[in-house]
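For reference, the structure discussed in these notes is given below.
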Amino acid sequence: MPKLIIDDIPVEVAPGTSVLEAARSVGITIPHFCYHPALAIAAACRLCAVKLLDGPVKGIQMSCALPAQDGMVVSTTDPEALKMRSLVIEWLMLNHPHDCPVCDEGGECLLQDFTIAGGHSRRRYQGKKRTFQNQYLGEGIHHEMNRCIECYRCVRFYQDYAGGTDFGVMGSAGRVYFGRFQEGPLESPFSGNLVDICPTGVFTDKTGRFRARYWDYQFAPSICQHCSVGCNTSPQNFQRETIKIVGRRNDQVNGWFICDRARFDKGYLNDPQRPREPRLDGATCGYDVAIDAAAKSIAEFVRKNGADKLAFVGSTRLSLEGMILLAEVAKAAGGARICYFEDATQQQGSIAAIKLLHEENAAYVKDIEQAQWVSLHAIDLMEEGPMLALAVRKAFLAGAQIFLVGGDTLPPHQALPFKYTAVETLDQVPFEGGGKGVIICGAGGKDPVLLAEMASSGAKLVMLQPGPNGFAAALLAQEHAAIPLAEVVSSRQVRGVVCFEADVPEVLLSDVEVLATADWRRGPVAEKSPIFLPTTTWVESDGTAINYEGRAQCFQRSRVAGLPLKGLDPKYYGNATEAVALHPPRVHRKDVPGGTERDAWQVMAQVIERLGGEVPEPLSGKWHVLKNLDPEGEGVRIFSIVAEE
Ligand code: SF4
Ligand code: SF4
Ligand code: FES
């Protein structure tokens, strides 16, 4: 463990730690641009100069590229180091347009902080600035190349980290250019990270440009709800619209980055046609009226048909709290059935996975990155868990062998960012020394026997779940002996359903009576339901989700429910007239227009009350430890919680 002195402060760090990181560990920030903890060192910007006064290395050095060594005496405030930093930032800024007022990154970019911290406060350059032609890079990313300070973070991320090939660095000397050979949409499904990684405003999120400034946003720690990886995000909202979604660091789950689906696929959160009012037989009504009607309808149905002819249907997108109360509301209705999955193979595979996984064999992202071999089993990884593809790529670059088993049967959604050997069956993958290998497969829809065979290989396992909260759905389905909806409908075991954020296909609806539906999405089940109760989206509620590796993470409400204050851009409405019609009323009122939505689990709690049942606190009993989960933390694995039963 190297021991050194930085600005008279003794520091002890792990071997391999750079002087910049060592300084940071005792609260000293050395100005830097090109250094990024997730990327390899480039020492491209030359801004992090420090002076080594004594020890094995002497003189001015780039602190990001210098490993801390025993006996080093470092000064970050030495006049020579200060002079160098101020000269470096001055020439880095030579051609920068100083256009912060009109830059969408203004207020969140690091340029101003590090320019001043680097010692450059007066512009001496009087010459003409170099200007570039910007490129069209697709609908996600806007390009403004004049702002570039040549730190090479973008190209190191795009090519080295994410394996993209259509973006890079061109030119030389004062005309270095970061872009594509020809204009066109960026091909990498991780391209959105350029927005986060570029320390200036060269890349900005086109989908939310010029809607608000950083300080205007309402945001909170959240969890991506697009797949079961559970990457950490921070949705940025303004006046009841989700404007941008950015990645949030969690070294146990997604590191620093997220995929483009998480960042750009957010239109559904701002859906102007989203049903926002409770409805009773097609007419809007008060929330309590609708809840009363739902409880009455349930009670009557049970009286006529018996509780076992009724099913309460959830889904893998319900929060853990909702899943727990779904079972309680079924109990309050006299012992109705519970469905968390739509079809039997999904449920079987998911339950098999949660039975097979435990603390030791459930792989998390670091296990994948450090594996000696990785085997992908008939899985379209870019569809089912995109960020894990980057973990596999890391292993591949470190020399791991990658196998794709039965991949030919599945057309890959997008090209994988690593090379692999295609094999037909599991037997052709060499499992020897399984401890350093990882098997990645989708759990839902897989034969439990095959999953068991994989689990017996000794390798670590990734069994991706269908839906963001599939792991929790499987746990609850097992606990309550839930039956897949398709099964109870086709065998005519149930005649009525009550749906909570359930995506029920139309074909199943033709055979059952829908009594009531609570959801924030539009769909056939909402349309068919005589009683409709609007719920909050995941950006409007607090909740808990369990990812594919059994890690419980909580997400927090980052915006209030209700109609957007300004109304969305007319392009989202189809036509401008509709946009005007949907504008919130221009009258003073205490309640938020269109803001009657309630969290699904709260709706369930109210139905339980109306049915005369007791409403338990969802995260009580064995789930109690998740009650005060730190939303900024790394989450907790639930294996020991489940084992305590
Ligand atoms: S475009 Fe941004 S990330 Fe890329 S080199 Fe320029 S400043 Fe750095
Ligand atoms: S990998 Fe999945 S959870 Fe992660 S950001 Fe992409 S869609 Fe969201
Ligand atoms: S941060 Fe060290 S050279 Fe750029």
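The values are calculated or read from the model by the stated rules, or taken from the named source; none is laboratory data. Here the structure is a predicted model, which is why all the values come from computation and not from measurement. Neighbour counts run over all protein chains shown; Cβ positions are idealised from the backbone, glycine included. Surface accessibility is based on the protein's heavy atoms, side chains included, excluding ligands, DNA and RNA. Shrake-Rupley method; radii C 1.70, N 1.55, O 1.52, S 1.80 Å.
Apply the a/c threshold of 1.5 to the C-alpha gyration tensor of the chain and tell me whether it is rounded, prolate or oblate. In terms of gyration-tensor shape, prolate. Summary value for region 119-192: 32 percent relative contact order, contacts being C-alpha pairs under 8 angstrom separated by 6+ residues. Beyond 27 Å in Cα-Cα separation lie the following of the pairs K355/K419; K419/K446; K331/K627; K590/K627: K355/K419; K590/K627.
Within the accessible surface of the chain, defined with a 1.4 Å probe on protein heavy atoms only, the carbon and sulfur portion equals 51 percent. Report the Cα centroid-to-centroid distance between region 284-349 and region 447-518 in angstrom, as an integer. The two parts, judged by their Cα centres, are 14 Å apart. For the listed peptides 440-451, 125-136, 501-512, a ranking on the average number of other beta carbons within 10 Å per residue, highest first, reads 440-451, 501-512, 125-136. Computed extension length for S172-L450: 94.7 nm, one decimal, from 0.36 nm per residue of separation with the Cα-Cα distance subtracted.
Here the relative contact order of region 66-125, from alpha carbon pairs under 8 Å that lie six or more residues apart, stands at 47 percent.
Note that the chain presents 42 Å² accessible area per residue, ligands and nucleic acids not counted, probe 1.4 Å.
Other residues whose C-beta falls under 13 angstrom from the C-beta of A332 contribute a net charge of -1, scoring Lys and Arg +1 and Asp and Glu -1.
Candidates V176, S456, I483 compared by Cα position along the dipole of the chain: farthest toward the positive end lies V176, with charges placed on Cβ.
Dividing the mean sequence gap of close Cα pairs (under 8 Å, 6+ apart) by how many residues the chain holds gives a relative contact order of 13 percent. Between beta-carbons, use under 12 Å as the cut-off and find the net charge around L397, counting Lys and Arg +1, Asp and Glu -1. Residues close to L397 contribute a combined charge of +1. Packing-based ranking of 38-51, 8-21 yields 38-51, 8-21, ordered from highest to lowest mean Cβ neighbour count within 10 Å. Cross-link partners of K129 among lysines, defined as those whose alpha carbon lies under 30 angstrom from its own and excluding same-chain residues fewer than eight positions apart: K83, K206. Neighbours of S620 by Cβ distance under 13 Å: Lys/Arg scored +1, Asp/Glu scored -1, total -2. Region 185-233 and region 1-60 have Cα centres spaced 29 Å apart.
Under 14 Å between alpha carbons, and skipping anything fewer than 8 positions from K58 in its own chain: which aspartates and glutamates qualify? Here the aspartates and glutamates satisfying the reach criterion relative to K58 are D70, D78, E80. Taking packing as the residue-averaged number of other Cβ atoms within 10 angstrom, the listed peptides 105-115, 529-539, 550-560 run from highest to lowest as 529-539, 550-560, 105-115.
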